[in-house]
1. Once the principal axes of the Cα atoms of the chain are found, what is the range along each, listed largest first in whole angstroms?
2. When DSSP beta bridges are limited to those with both residues in segment 264-555, what percentage is antiparallel, rounded to the nearest 5?
3. Compute the label zone of residue 29 within segment 177-217: residues whose backbone N is under 19 Å from the point 7 Å along Cα-to-Cβ.
4. State the percent of C-alpha pairs, over all pairs in segment 264-555, separated by a distance greater than 31 angstrom.
5. Beta carbons within 10 angstrom, averaged per residue: use that to sort the peptides 455-463, 400-408, 199-207, highest first.
6. Nearest 0.05, what FRET efficiency do residue 163 and residue 270 give at R0 = 30 Å with Cβ-Cβ as r?
7. Enter the Cα centre distance for the pair segment 345-402 and segment 442-494, rounded to the nearest angstrom.
8. When averaged across all projection directions, what area in nm² does the alpha-carbon convex hull of segment 295-440 cover?
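FYI, it's all coordinate maths here, none of it is from the lab. Because the structure is a prediction, the values reported are computed rather than measured. In this analysis, Cβ positions are derived from the backbone assuming ideal geometry, glycine residues included, and neighbour counts consider all displayed protein chains.
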Ligand SMILES: [Zn+2]
């Protein structure tokens, strides 16, 4: 079931004018190593690749495109053959080899026609990624900063598209019509910046478009491997384990995003009642936790009187969380000693409050049940208790590992009258600070090779062995601050209780997916962890199979 999400449609949309030959050649030469590197992380991946080349209005061949062809799973087991009897990767490479960069009268190009052709491709996989490579913007002053009065040769259509099409409409056909999961843009210079900024406004979800600025075309393959992997990892984390439908995709009701931290002096105070799991770490031992989990006992709840009043932003600040919306908030509870409100912003504890996203097939009442928020909190508490035990064991065994902790979570209920029942529930936790937020792994075998952390990989392995295979803590994300990992939103795999620990609990299947890509490192060895039969043998599988990303994988293997 989980493996249904291990499929990817990857469409290249490439500017085929003048100076683009080097980029086109890079895609042709590197596409197989890109495919190998992505498949290395997702061994069961079914990969289909398409190519769209666009030029300008008056060029002889404005659009050339190849619809999706399936890439063979490995060079030794070529089974997927296209109608013409040739393997997909060869068809793709032959097609791209036939493209010669030329044309393009002025500096701006007919980008819209390229995107239109991409929307018309036969997309069908659970994960759909568009990779756009260009060194020139779309026609129209709203997409570039060219001075067309001084130099009309830069854009012959400064008023915009010659055919009167709108960017919002074309992007909507890609995002909602073709259900493209992510639009990735590679900037080869700065003149495409305004176009992508404008696309972000026009498409209705700024986070849908991701971009990188390249200093050299040779960086392309590695960046494409990363964006392919994170696209597949994103939907794997919500694999349809609980009857969400076979496709593995679920359309959520979208909310507008605001990345700004509100001016808290202008925000309204909201009364809440808070609860937390009542287990002082060190007293409630990891062993006791495990026996409670195995017995199916709920974790004990106590009131959290530190949070009685909050202020919360009206809109979430990001949309990339898989199941929940995050909101900036502050704890505005009057201090206990004086009873006076905490007036200074600095004194107010910064929080992140989270609510579940609502799939379009569910009602508010179905989504926002207290039990779901409680389950989310319990998942993080289990990870927190196990992390404390892990730190202790690493210290006792003199293993060179960094400390790991999970931020403490509270369950919040808005108590003011008039608030609809389904809008009352949140989880709240301190805002992570002191480092860049990073996703290090997911719950289905994805390992962030660009920021590989031996301690975190070993922690996941350790949780499985320590619990005799009952539990596994995965999906590790957060910050590295002052030499220690502070994490949030983990997943817990628990085969004995698939009904606990939220829908990211993939049970035994999830543990298998972890081991398929896990290589034991120095921290694993120091802790005496036994390799699992599913682990790649010899410990060199990644290095042998992939030419892209492998070096960095080993380079970063510091604890
Ligand atoms: Zn290991």
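1. Principal-axis extents of the chain (Cα, largest first): 75, 59, 41 Å.
2. Numbers: 39 of 44 bridges.
For segment 264-555, the DSSP antiparallel bridge percentage is about 90.
3. Under 19 Å, as judged by backbone N against the label point of residue 29, lie 188, 214-217 of segment 177-217.
4. Working: 13404 of 42486 pairs.
Tail fraction, whole percent: 32.
5. Details: 455-463: 26.0, 400-408: 19.3, 199-207: 17.0.
The most tightly packed comes first, giving 455-463, 400-408, 199-207.
6. Numbers: r = 50 Å, r/R0 = 1.67.
E between residue 163 and residue 270, to the nearest 0.05, is 0.05.
7. Taking the Cα centre of each part, segment 345-402 and segment 442-494 sit 13 Å apart.
8. On the way: hull surface 50.3 nm².
Its Cα hull, projected and averaged over all orientations, spans 12.6 nm².
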